[in-house]
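Engineer: Could you have a look at this structure, given as structure tokens, before my questions?
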Amino acid sequence: MAKLVATRAGAALGSWFIERDRVVIGRAEGVGIRLEDQAVSKQHAAIELVGNDHILHDLDSANGTFVNGTRIARHLMRHGDVVEIIDFQLRYVDHKSVVGQDGERTMIFHASDAGTAAGPLGRSPGADARALDLKLPEGVLRVAGQDGGREIALDRALVALGRRGDEYAAIFRRPQGYFIARVEGKPPRVNGKPIPDDWQRLAAGDLIQVGLEKFELALAAPR
Amino acid sequence: MGGSGWCFPANRARIPSYVNVMAATRRRSGRRRAAAAIARPEGEAAPMSRITLDVAARSDLGRVRSFNEDSYVTDAERGVVAVADGMAEHKGAEVASRLATATLVQSLLAGQNLAPRAATHAAFAAANRAILERARADPALKGMGTTLALAWFQGERVSIAHVGDSRVYRWRAGRLERLTTDHSFVQSQLAAGQMTSAEARVSRSRQLVTRVLGAAEQMAPDLGEHEVLAGDVYLLCTDGLHDLVEDGDIAAALEVLAPNLDLAASTLVAMANDRGGRDNISVVVVRVDRKREPRRAPEPEPQGFFGWLRTKLGA
Ligand SMILES: [Mn+2]
């Protein structure tokens with residue numbers, strides 16, 4: 001279950017599990033999470049459960065609600081987010097969002113059990129986000145021979161080399177590095193050797209030949 | 001995947017015995033080529049199909065899960081390809097997805113004399129019924145269900161049908177198009193303007209599907225019919241792919257690797273695994289080509305000037 005861990009000026013204030021479908025944060029008595037300070041509005045912000053997500057809303061507070069330093073009107077909460085209200089800090093902790101041993105296991109629960117989520121059939125909560133911050137290599141192919149000096153940017157997932165229906169290969173940009181494979185026709189050569197089928201990893205300085213065209217792989221220093 | 005110094009967990013999925021017939025062909029990630037023509041009732045002239053289909057498929061455990069609960073089926077000769085993503089309350093996720101793909105194909109074959117729309121409806125209904133009946137017969141399987149996405153090629157038409165968040169994409173003339181709309185909570189939030197696409201990417205509701213086979217007696221798929229053009233590449237996939245791999249990267253794989261569908265399929269799987277492989281990943285890729293004229297017997301040597309001219313003009 002997700003919770004908010006509160007601190008003020010570095011001092012721990014305790015933590016609240018978010019057990020209800022809507023939890024109000026504010027100064028008024030009887031709200032779910034009470035922050036006692038005159039600068040906090042009576043009903044300052046609320047967290048609502050929508051599907052499997054917690055959505056934070058600012059309730060037109062006088063002094064605003066901030067998440068990770070940015071003022072928000074509405075925000076989809078993610079594990080590790082820090083909500084700031086005046087000088088209170090509420091850290092959103094949601095261990096379910098960290099991929100468990102069995103990953104995104106697929107499960108159904110019946111519409112009638114699904115509660116507020118408008119009865120969707122469900123699988124277990126999705127882990128937090130796709131790994132969008134993939135670290136990818138930076139490199140170019142230097143064209144050798146007559147076209148010498150020309151460069152082919154390797155800034156996409158796949159770059160085609162050669163000619164379709166003839167000798168045709170591709171370069172695959174992956175977190176582990178650049179890979180080459182034959183797509184059709186005779187296999188490309190790397191440092192003079194024809195490569196076996198399927199993706200083969202390339203190293204900086206490798207000489208690649210596809211048909212009559214020759215290239216050299218240049219890699220930027222890893223950052 | 002080849003021994004190229006990078007590999008992913010093997011597909012260790014268990015195959016129930018009652019779908020052995022399907023399993024024998026399905027678990028191999030092979031490639032089939034066939035003219036896309038389904039047998040017609042006798043006496044009726046089959047429309048001459050001018051296209052051929054090339055098919056490749058992969059189903060992968062991913063990098064986190066312990067079981068593969070996806071299924072797929074490819075029957076290039078009959079022009080039928082489908083993927084399914086099983087889910088369960090307790091167990092039976094893989095039973096549901098396999099029952100769905102197996103029943104779908106059997107039912108489409110039995111319904112050959114129906115119009116494609118009616119046959120597709122009947123096949124989804126049969127798959128739904130098969131799952132419900134099996135769950136009733138075995139209480140341990142109660143609550144199992146599955147997504148199902150179908151592309152059924154008939155000459156120069158394709159029927160697309162789906163339930164859940166498994167998708168069908170089409171690469172045509174430099175553009176990737178999605179031919180299905182997910183039956184998912186996030187999709188409904190997006191459509192209602194309740195969620196931005198940036199939020200949809202990180203939403204923890206991404207796993208919530210709003211329509212599956214096996215959940216209710218009545219279950220209608222979304223149906224679409226499209227014209228098929230030579231050069232089209234179709235992709236059917238489970239969310240293990242599209243949840244992790246951006247459309248732009250999917251498009252690149254279909255464009256650049258189209259001549260080698262096995263490589264296209266394994267590369268899509270590799271892309272998902274490179275991004276964490278948090279779910280099972282299943283892909284079926286289909287390339288449509290113009291049928292080559294059957295080779296004629298060698299013509300006699302062209303005679304005289306007109307014969308020479310004819311060969312020059314390629315007549
Ligand atoms: Mn899935």
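The values are calculated or read from the model by the stated rules, or taken from the named source; none is laboratory data. What you see is a predicted model; the values in this text were computed from it and never measured. Here the Cβ is made from the backbone with ideal geometry for all residues, glycine too, and neighbour counts use every protein chain on show. Note: accessible area is taken over every heavy atom of the protein model, side chains too, but ligands, DNA and RNA are not part of it. Shrake-Rupley method; radii C 1.70, N 1.55, O 1.52, S 1.80 Å.
Engineer: Condition check: at pLDDT 95 or above and over 30 Å from B:A258 (Cα atoms). Does B:H90 satisfy that?
Structural biologist: No: the conditions fail for B:H90.
Engineer: Looking only at strands (runs of 3 or more DSSP E) that lie completely in segment B:96-195, which have at least 1 residues being closer than 30 Å to A:R74 by Cβ?
Structural biologist: Hits in segment B:96-195: B:167-172, B:175-178.
Engineer: Then there is this: Within segment A:158-177, is there a residue that is open to solvent by less than 10 Å² (accessible area, probe 1.4 Å), away from chain B (no Cβ under 12 Å) and within 35 Å of the chain's Cα centre (by Cα)?
Structural biologist: no
Engineer: Can you go through B:G92, B:G79, B:G111 and tell me which one is small (G, A, S) and closer than 22 Å to B:L208 by Cβ?
Structural biologist: Sole residue among the options that is small (G, A, S) and closer than 22 Å to B:L208 by Cβ: B:G92.
Engineer: Has segment B:16-31 got any residue that is aliphatic (A, V, I, L, M), within 15 Å of the ligand (Cβ to nearest atom) and either at pLDDT 95 or above or buried (at least 19 other Cβ atoms within 10 Å of the Cβ) (or both)?
Structural biologist: The answer is no; no qualifying residue exists.
Engineer: If I ask for residues that are facing another protein chain (nearest Cβ under 7 Å) and either at pLDDT 95 or above or crowded, with 17+ Cβ neighbours inside 10 Å (or both), which ones from segment A:130-150 would you list?
Structural biologist: A:R130
Engineer: Scan segment B:156-178 and tell me whether some residue there is within 15 Å of the ligand (Cβ to nearest atom), touching a residue at least 24 places away in the same chain (Cβ under 8 Å), β-branched (V, I, T) and within 21 Å of B:T120 (Cβ to Cβ).
Structural biologist: Yes - at least one qualifying residue is present in segment B:156-178.
Engineer: Those residues that are away from the ligand (no atom under 16 Å from the Cβ) and at pLDDT 90 or above, I need them from segment B:264-310; list them, please.
Structural biologist: B:A264, B:A265, B:S266, B:T267, B:A270, B:D274, B:V285, B:V286, B:R287, B:V288, B:D289, B:R290
Engineer: Working only within segment B:184-210, note down all residues that are more than 16 Å from the ligand (Cβ to nearest atom) and in contact (Cβ under 8 Å) with a residue 12 or more places away in the chain.
Structural biologist: B:S188, B:Q189, B:A200
The rows are residues; the columns are (1) buried (at least 21 other Cβ atoms within 10 Å of the Cβ); (2) at pLDDT 90 or above; (3) outside any strand (DSSP E or B).
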site	(1), (2), (3)
A:F66	no, yes, no
A:V83	yes, yes, no
A:F109	no, no, yes
A:S124	no, no, yes
A:I152	no, yes, no
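Engineer: Tally the residues that are in a loop (DSSP other than H, G, I, E, B), within 14 Å of chain B (Cβ to nearest Cβ) and open to solvent by 80 Å² or more (accessible area, probe 1.4 Å), restricting the search to segment A:197-223.
Structural biologist: 1
Engineer: Another question, then. Does B:S97 fit the bill of being touching a Lys or Arg at 6+ places or on another chain (Cβ under 6 Å), within 16 Å of the ligand (Cβ to nearest atom) and open to solvent by less than 10 Å² (accessible area, probe 1.4 Å)?
Structural biologist: It is false that B:S97 is touching a Lys or Arg at 6+ places or on another chain (Cβ under 6 Å), within 16 Å of the ligand (Cβ to nearest atom) and open to solvent by less than 10 Å² (accessible area, probe 1.4 Å).
Engineer: Within segment A:205-222, track down each residue that is among the small types (G, A, S) and over 17 Å from A:P187 (Cα atoms).
Structural biologist: Matches in segment A:205-222: A:G205, A:A218, A:A220, A:A221.
Engineer: Run B:A173 past the list (1) open to solvent by 10 Å² or more (accessible area, probe 1.4 Å); (2) under 26 Å from A:A181 (Cα atoms); (3) within 9 Å of chain A (Cβ to nearest Cβ) and report the number of the one that doesn't hold.
Structural biologist: For B:A173, the failing item is (3).
Engineer: Residue check, B:H90 against (1) outside any strand (DSSP E or B); (2) in contact with a strand residue (DSSP E or B) (Cβ under 7 Å, 6 or more places away or on another chain), all met but one. Which one?
Structural biologist: Against the list (1) outside any strand (DSSP E or B); (2) in contact with a strand residue (DSSP E or B) (Cβ under 7 Å, 6 or more places away or on another chain), B:H90 comes up short only on (2).
Engineer: Here's a check for you: in segment B:224-243, which residue that is open to solvent by less than 10 Å² (accessible area, probe 1.4 Å) and within 16 Å of the ligand (Cβ to nearest atom) is farthest from the other protein chains (Cβ to nearest Cβ)?
Structural biologist: Here the answer is B:L236.
Engineer: Same structure again: Within segment B:256-263, identify whether any single residue is assigned to a loop (DSSP other than H, G, I, E, B) and either within 16 Å of the ligand (Cβ to nearest atom) or more than 7 Å from chain A (Cβ to nearest Cβ) (or both), and answer yes or no.
Structural biologist: yes
Engineer: So, one more: In segment B:66-89, how many are surrounded by fewer than 24 Cβ atoms within 10 Å (Cβ to Cβ) and within 12 Å of the ligand (Cβ to nearest atom)?
Structural biologist: Number satisfying all stated conditions: 1.
Engineer: Quick test of your reading of the structure: B:A251 fulfils all but one of (1) of a type outside the set (K, R); (2) farther than 21 Å from A:D198 by Cβ; (3) not in a helix (DSSP H, G or I). Name the failing condition by number.
Structural biologist: (3)
Engineer: Now for a different question. Failed condition for B:T120, given (1) facing chain A (nearest Cβ under 10 Å); (2) open to solvent by less than 10 Å² (accessible area, probe 1.4 Å), with all others met?
Structural biologist: (1)
Engineer: Identify all residues within segment B:123-144 that are within 22 Å of B:Y72 (Cβ to Cβ) and open to solvent by 80 Å² or more (accessible area, probe 1.4 Å); write none if there are none.
Structural biologist: B:R129
Engineer: Report, by residue number, each residue of segment B:189-218 that is polar (S, T, N, Q) and either crowded, with 24+ Cβ neighbours inside 10 Å or at the interface with another protein chain (Cβ under 8 Å from one of its Cβ atoms) (or both).
Structural biologist: B:Q189, B:Q194, B:S203, B:S205, B:Q207, B:T210
Engineer: Being of a type in the set (F, W, Y) and away from chain A (no Cβ under 13 Å) narrows it down to one residue among B:F185, B:F153; which is it?
Structural biologist: Result of the check over B:F185, B:F153: B:F153.
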